[in-house]
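Participant: I have a structure here, written as structure tokens, and I will follow up with some questions on it.
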Amino acid sequence: MRSFRRHIARLLVSLVSLWLPPVSAIGAETVGASPIIGEIIHGFSLPDVSGKLISLADFCDKQAVVVVFVGTECPVNNAYLQRLAELASEYESKGVQFLAINANTQDTAERVAEHAQEHHVTFPVLKDQSNQIADQFTAERTPEAFVLDVEQRVRYRGRIDDQYGVGYRRPMPARRDLALALDELLAGQPISQPTTPVSSCRISRRVEPEPAATITYAKHVAPLLQRHCQDCHRLSQIGPMELLTYHDAKAWSATIREAVDERRMPPWHADPRHVQFANARGLSEDERNTLLTWIDQGCAEGDQADLPPPRELAEGWRIGKPDVVLSMPMEYTVPATTPKDGIPYQNFDVPTNFAEDVWIQAAEARPGSRPTVHHIVVFIQRPVEPGAERKDRFEDSVLAIYTPGDMPTVFPPGIAKKVPKGSTLIFQMHYTPNGVEQTDRSSVGLVFANQPPAHEARTQMVLEKDFEIPPGASNHEVSASLTLEQGVRLVSLFPHMHLRGKSFELRAVLPDGLERTLLSVPRYDFNWQTNYRLAAPLELPAGSRILCTAHFDNSRGNLNNPDSAVPVRWGEQTWEEMMVCIFDYVPLSDPGGQ
């Protein structure tokens, strides 16, 4: 058991070094419309964040002008703001002027000014209130960059580089597209790649409802967003934008359409044909068609009387209002940039001060600084028996985990996790700087079981550590198995791989030879790590074998791949790999947890 606890501690604290909020909701990619290359952009004037009118003609003496369309909520956009500031500083002495234009309909002038200050944008940020300049450029996404030469002719349009995009974040860019275009232009050379794809959020444009629209927000769309979107798309949750009102949904309609049409939202990666899950996310075909039709008809608002009452959402929590909230004893300052050797895991002891044993029905770890907290693992450290000696301060149970895209821990009725009286919670924190110094004081919210449960939740795992993924391999298979010494009722399944993870399948072979698929994740996504909770506990008798099969993509085609030229083995860092499935269960022989 002690060996298992060490394994699970090492596993859970290895979710490291990659943090960009899951971006499946924000858009896909657009290849710059090539006809604008070579066209002249006619002069325009727009107010900057101070209200001062800035004209393109003000920079006619520059060797080049870079116009970048930006927003305030898109995580890909925000990840590039520091890079843009660095480029603006680097090329200023070479006669290059950077301009940012915000054309999103929902971004007010006041919010644009706040955002520019928050992210230390060092060049002018202009507000295109009516999308006229975005339309002139045929700009599609944020951030999308355009390079104008001395004649104000478009010579390049596309991404800043290839480091960040929908569903991926590389350690370093493989190609500095914007910088290369500027270097070639300033050297008097043809632009070798004048257009590149932009993978991010769509610019929010004005839309007008069709007079004969049959689908309205109030009657048809608001209930869908309440059921499927608002848990995440609200203040202090993981969704990059709020979807609580008609104006929210209308402003983001183009991005919503794209994400729903491509079945990236709501995010769910398990094949639904095998087992039903209590936390399954997804739209029915009727719901999907309703939402897409509403957008195609111009986003009609409808009659306010048709609106459902607002959902009662506990502020900041997805488990409802917690019975108790325990927080780190102090704030931790996350620096603006990552030190050379990285930031070591920070461990904070939080006494529970429980006078008696308590049973936890639901637990949710919540970051205080969401942009810089990559993961949280909350361990239960039980009090040591008199005369006993603790060999590993992380050897006890895991209570809650926060990882990109995951949902809170919620046990079904009759099953709960025990926190003995006198226990201490250990918050193990991993931080990733995002360019702005921030402070964090993370918390865990606990919901108590209404009564002592019939069963105590326990944890086990299947893993394989002895593997090597060859360089360039696009579909390398690794398998592992575990034979159950006692019968169990499975409660949840949590597959885990790193950046090269491609697919994961979990099967059970019963003693009579009957085989059953428990979980199939055909497209594993490191940015959406899900603890799949079974709709009803599934019994497996003693002697059953649990078989896990994982596939890894170590090729250049994997946009998340840190380095396709090296072999990859088991390790705790994200540039290494893991192959493991953690599962919560109740022993069939469990006499009860009372």
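Participant: Treating only the Cβ of Lys, Arg, Asp and Glu as charged (+1, +1, -1, -1), what charge dipole size does the chain show about its Cα centre? Round to the nearest 20 debye.
Facilitator: 960
Participant: Assuming R0 = 35 Å, can you tell me the calculated FRET efficiency for the pair R545 and E572, based on Cβ-Cβ distance, to the nearest 0.05?
Facilitator: That gives a FRET efficiency of 0.80.
Participant: Just how large is the dipole of the range 29-199 about the Cα centre, in debye to the nearest 20, putting +1 at every Lys and Arg Cβ and -1 at every Asp and Glu Cβ?
Facilitator: Around 280 debye, computed over the range 29-199.
Participant: Given q = 0.13, 0.21 Å⁻¹, what are the Debye log10 I(q)/I(0) values for the range 217-306, with equal point scatterers placed on the Cα positions and solvent ignored?
Facilitator: Normalising to I(0) and taking log10 leaves -0.43, -1.07.
Participant: Using only Cα atoms and rounding to the nearest 10 degrees, what angle (0 to 90) does helix 285-296 make with the longest principal axis of the chain?
Facilitator: 20
Participant: Charges on Cβ only, +1 for Lys and Arg, -1 for Asp and Glu, centred on the Cα centroid of the chain; of G95, H430, S236, which one is farthest towards the dipole's positive end?
Facilitator: Positive-end residue among those listed: H430.
Participant: Run the helix sum for the chain: -39,500 (n - 2.57) per DSSP H stretch of 4+ residues, divided by residue count, reported at 222 nm to the nearest 500 deg cm²/dmol.
Facilitator: Computed ellipticity for the chain at 222 nm equals -4000 deg cm²/dmol.
Participant: Among T72, M330, S199, which residue has its Cα positioned farthest towards the positive end of the charge dipole of the chain, with +1 placed on the Cβ of Lys and Arg, -1 on the Cβ of Asp and Glu, and the dipole taken about the Cα centre?
Facilitator: About the Cα centre, the residue reaching furthest to the positive side is M330.
Participant: Can I ask one more? Within the range 551-579, which residues have the backbone N less than 19 Å from the label spot 7 Å out from D466 along Cα→beta-carbon, could you tell me?
Facilitator: Of the residues in the range 551-579, 568-572, 577-579 have backbone N under 19 Å from the label point off D466.
Participant: Taking 0.36 nm per intervening residue step and subtracting the Cα-Cα distance, what contour gain separates Q486 from S93 on full extension?
Facilitator: That pair, Q486 and S93, stretches by 134.3 nm at full extension.
Participant: Apply the a/c threshold of 1.5 to the C-alpha gyration tensor of the range 349-502 and tell me whether it is rounded, prolate or oblate.
Facilitator: oblate
Participant: I would also like to ask the following. Is the C-alpha gyration tensor of the range 29-199 telling us rounded, prolate or oblate? Criteria: a/c under 1.5 is rounded; beyond that, a/b larger than b/c is prolate, otherwise oblate.
Facilitator: Here the range 29-199 falls in the rounded category.
Participant: Now for a different question. I'd like to compare 101-110, 83-92, 62-71: which one has the highest average count of other Cβ atoms within 10 Å, and what's the full order after that?
Facilitator: 62-71, 101-110, 83-92
Participant: Going by a ≥ b ≥ c, the root eigenvalues of the Cα gyration tensor, does the range 182-341 fall in the rounded group (a/c under 1.5), the prolate group (a/b larger than b/c) or the oblate group?
Facilitator: It comes out oblate by the Cα gyration axes.
Participant: If the cut-off is 23 Å between C-alpha atoms, which lysines fall inside it for K502, apart from same-chain ones fewer than 8 positions away?
Facilitator: Within the straight-line limit of under 23 Å, K502 reaches these lysines: K465.
Participant: State the extension gain, in nm to one decimal, for the chain segment bounded by D271 and D135, taking 0.36 nm per residue of separation less the distance between their alpha-carbons.
Facilitator: Gain in length upon complete extension: 44.9 nm.
Participant: Give me the number: length gained by fully extending D296 to K421, i.e. 0.36 nm times residue separation minus the C-alpha to C-alpha distance, one decimal in nm.
Facilitator: 39.3 nm
Participant: Note the angle between two axes, namely the Cα long axis of helix 2-12 and the longest principal axis of the Cα atoms of the chain, as a number of degrees from 0 to 90, rounded to the nearest 10.
Facilitator: The answer is roughly 10 degrees.
Participant: Using Cβ-Cβ distances only, list the Cys residues of the chain with no partner cysteine under 4.7 Å, sorted by number.
Facilitator: Unpaired cysteines in the chain: C60, C229, C232, C299, C548, C581.
Participant: Along the range 485-490, what does the Karplus equation 6.51 cos²θ - 1.76 cosθ + 1.60 (θ = phi - 60°) give for ³J(HN,Hα), rounded to whole Hz, x for Gly and Pro?
Facilitator: These are the phi-based 3J(HN,Hα) values: 7, 9, x, 9, 10, 6 Hz.
Participant: Still on this structure, I have one more. Mind checking the angle between helix 81-92 and the chain's longest principal axis? C-alpha axes, 0 to 90 degrees, to the nearest 10.
Facilitator: For helix 81-92, the angle is close to 30 degrees.
Participant: Next question, about the same structure. To the nearest 0.05, what FRET efficiency results for D286 and R441 with a Förster distance of 56 Å applied to their C-beta separation?
Facilitator: 0.80
Participant: In percent, how large is the relative contact order of the chain, given Cα pairs closer than 8 Å and 6 or more residues apart?
Facilitator: 15
Participant: Another one. Excluding same-chain residues fewer than 8 positions from K250, which lysines have a Cα within less than 24 Å of its Cα?
Facilitator: K127, K219
Participant: Once you have the Kirkwood Rh of the chain from its Cα pairs, apply Stokes-Einstein at 37 °C and 0.692 mPa s and quote D in µm²/s.
Facilitator: The diffusion coefficient I find is 126 µm²/s.
Participant: Considering the dipole of the chain built from charges on the beta carbon (Lys and Arg +1, Asp and Glu -1) around the Cα centre, which of A473, N561, S369 is farthest to its positive end?
Facilitator: So the residue we want is A473.
Participant: Can you list residues from other chains, or at least 5 along the same chain, whose modelled amide H is less than 5 Å from the amide H of N554?
Facilitator: Those lying under 5 Å, H to H, from N554 are A473, S474, N475, H476.
Participant: How big is the dipole moment of the range 217-306 about its Cα centre under a simple scheme where the beta carbon of each Lys and Arg is +1, that of each Asp and Glu is -1, and everything else is neutral? Debye, nearest 20, please.
Facilitator: It works out to roughly 260 debye.
FYI, it's all coordinate maths here, none of it is from the lab. As the structure is a computational prediction, the values presented were derived from the model and not from experiment. When we count neighbours, we look across all protein chains shown, and the Cβ atoms used for this are built from the backbone with ideal geometry, even at glycine.
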